[in-house]
Every structure is written in C-alpha cells, then in structure tokens.
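**Student:** Got a structure here, written out as structure tokens. Questions coming.
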Amino acid sequence: MLVTNKDLLVPARRKGYAVGAFNINNLETVLAVAEAATEEKSPAIIAVTPSAIKYAGLSYLSKIVKTAAESSAVSMSLHLDHGEDFETESKCVAAGFTSVMIDGSHLKFEENIALTKKVVDLAHPKAVSVEAELGRLAGIEEKTVEEKEAILTDPDSAKEFVSRTGVDALAVAVGTSHGAYKFKGEAELDFERLKTISGKIDLPLVLHGASSVPAWIIEKAAKYGAELGGAKGIPEEHIIRAISLGIAKINIDTDLRLAFTATVREVLANQPKEFDPRKILGPAKEAMKEVVKGKMRLFGSSGKA
Ligand code: G3H
Ligand code: 13P
Ligand code: ZN
C-alpha cells in the first residue's frame, strides 16, 4: 500500500518508534527495502534524491516503487529526499510521490520559510506530505558554542518555522552529517537541543545522516580491497536515545551503499569466473535487505505495519 509520510510518522511519534527512510537508486535497493518491510511487517519510506532521479529517471523510479508498494501488504511511502527547487517538487507531486522534502536549509530563515510554504501550498491540496529542514547537517566535534549555534537547529526558530509553514515533519540538525565519515573522535550529538526542540514541537522530527557505518561491513569491504579508513557513523545507542526524544523518521543511505559495495567486492573476489549480473547483484540485494531489517528492529518499527 502506498501511503503518505504523515500516515506513517504521526503514529510513530505518538508511540515512540521511528520509521526508516531508505534511499534507493535502482531495482535492487527497492527490492531490498520492500522485502525487508514485508518480512519485518514494518512500514517503510522509500526515499529518492534528485541525483537518484538524474541517474535512473523519475518515471522508472516512481513506477518501480509504486509496483513494490502495491504488491506489498505493508504501508510504504514514496518520498522525495532533499528536493531543492519548486520544479523538482512539482514533478514529483505530478509523478505520484506521497511525500516531498523541500530542503531550504542553505537559505536564510525567511527565504526557507517562503520556499517551504510554497511547496506546502502545492502539496497539501493533493494530500502529499511535506518535510522541511532547518539548520545545517555538520559534525559538531571541536566546535565552539558560537560555531554550534550557527549550524544547529535553534529550538525557538524551529517552533516559528513549523507554525508559519504548516509542514508535516521537520528535519533537525543536532550533529549528524551525511556520508561515511561523520566523526574523527567520539560520536557527539546535541541531545539537550533535541529534547528542547521536541518539547516545543509536536510534529514528527527527522534525523538525517543517521547511518551507523557498522564496523563489520567496513571490515568486510576492506578485506576485499575497499579503502574506507576512518569511516565512522552514529552509534546505535544514540539512535535509540534520539527516538526517545521525538525522532520519528530516520534516513539511511550510507549503510546500504556500504553493504552493497562490500558484497559485490566479496562475490567478485571469491567467484572470479562469475559474470551473470544477477549472481553479483542478488547477494548485494540480500546484504542490503539484512541491513534494512536490522534498522527496522532498532527503530522499533518491526510489527507496526
Ligand atoms: O542525503 C542523501 C544521500 O545520502 C545523498 O544522496 O548521492 O543520491 O544525492 P545522493
Ligand atoms: P547517511 O549518509 O548517514 O546514510 O544519511 C542519509 C540521509 O540523510 C539521506 O537523506
Ligand atoms: Zn539527508
């Protein structure tokens, strides 16, 4: 079933679990998420970025995801991740996305509000949910108080932002960042700030840059030749704490990329005679599926479909 992010996230925030938003680029990633969701009886958000659209095409991706949702018993949404302009938002709404993110986090406060409001006015009449972002995703290691204030989400501004835009979910910056290199030393998130924000905002809050970069995947990839020294993610205990403080949607891309890469390397190294793409991509899909299932259990969404 294809549903909106609002349908998935309002109960999550109320009941204290989170729904994973998994980035997809091709058939294998969609299958991995859909099969994991079915086996875990978990809702899932299938996230598509503008660069995924550039790679695979809006029509291909939206039809693959809709086919997955329509043939599954669990609830899934088709979500635009990090849309940055009104044109992309409009195209995704027209293509049947059930949720869109407008990422105006690089804009000034008033400009972010104006663009976000414009997208809400486009999306809501068509029953499409809207996520926005306030603050900038960046690590906070070795930053001064002033530097942190400049990038992390300000709780009072966040309250004003959601009431003036009417968004359905808000992505907050509390020290996470995209990719496989999130921290040089200890992982550090600003939980006090998250607590203050969730005390002021009743909406589902979103954690981007939430991959854990599991050591076992890095070790497997390295064993077969990958060079990923210094990769570090968000510890699972931090994820659990963030959910207890109002995070209801958690974005995962890097951990899927790592599982894919480690497994493709393993197959190619161990089976040098293999050249059937299905025998190479099939195990990679299974590896991503196991990662997604693990996230669903960690986030508490298993059994909630
Ligand atoms: O923020 C989302 C992704 O991790 C970056 O994805 O390479 O498809 O833009 P992208
Ligand atoms: P990761 O790079 O930590 O997987 O974050 C993905 C993300 O935030 C997609 O929007
Ligand atoms: Zn993101």
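**Student:** Show me 118-126, 284-292 ranked by packing, highest mean number of other Cβ atoms within 10 Å first.
**Tutor:** Ranking the peptides 118-126, 284-292 by packing returns 284-292, 118-126.
**Student:** Cross-link candidates for K184: which lysines have Cα within less than 23 Å, leaving aside residues fewer than 8 places away along the same chain?
**Tutor:** Within the straight-line limit of under 23 Å, K184 reaches these lysines: K143, K148, K220, K223, K232.
**Student:** While we're looking at this one, here's another question. What distance in nm separates the simple spin-label points at D121 and S244, each placed 7 Å from Cα in the Cβ direction?
**Tutor:** It is 4.3 nm.
**Student:** Quick check for you: with a 1.4 Å probe and neighbouring chains kept, what is the accessible area per residue of the chain, in Å²?
**Tutor:** With the other protein chains kept in place, the chain gives 44 Å² per residue.
**Student:** Among the listed pairs K66/K182; K15/K249; K41/K285; K66/K91; K63/K285, give every one whose C-alpha distance is greater than 22 Å.
**Tutor:** Pairs exceeding the cut-off: K66/K182.
**Student:** Relative contact order for the chain: what is it in percent, counting Cα pairs under 8 Å that are at least 6 residues apart? Each step should come with its number before you reach the end.
**Tutor:** On the way: 618 pairs, mean separation 69.7, N = 305.
Once divided by the residue count of the chain, the mean separation gives 23 percent.
**Student:** In addition: Using a/c under 1.5 as the rounded threshold, could you call the chain rounded, prolate or oblate? The axes a ≥ b ≥ c are square roots of the C-alpha gyration tensor eigenvalues, and prolate needs a/b larger than b/c, oblate otherwise.
**Tutor:** Taking the square roots of the gyration eigenvalues as a ≥ b ≥ c, the chain is oblate.
**Student:** Give me the aspartates and glutamates in straight-line cross-link reach of K295: C-alpha distance below 15 Å, same-chain residues under 8 apart excluded.
**Tutor:** Those aspartates and glutamates meeting the cut-off are E35, E39, E40, E236, E237, D253, D255, E286.
**Student:** Counting only protein heavy atoms and a 1.4 Å probe, tell me what percentage of the chain's accessible area is made up of carbon and sulfur.
**Tutor:** Numbers: 7290 of 13360 Å².
It is 55 percent, rounded to a whole number.
**Student:** Still on this model: Expressed as a rounded percentage, what relative contact order does segment 78-220 have, with Cα pairs under 8 Å and six or more residues apart?
**Tutor:** 20 percent
The values are calculated or read from the model by the stated rules, or taken from the named source; none is laboratory data. Nothing here was measured: the structure is a model prediction, and the numbers come from that model. Counting neighbours? That spans all protein chains shown, and the Cβs are built from the backbone with ideal geometry, glycine included. The accessibility values were calculated without ligands, DNA or RNA, using every heavy atom of the protein model including side chains. Shrake-Rupley method; radii C 1.70, N 1.55, O 1.52, S 1.80 Å.
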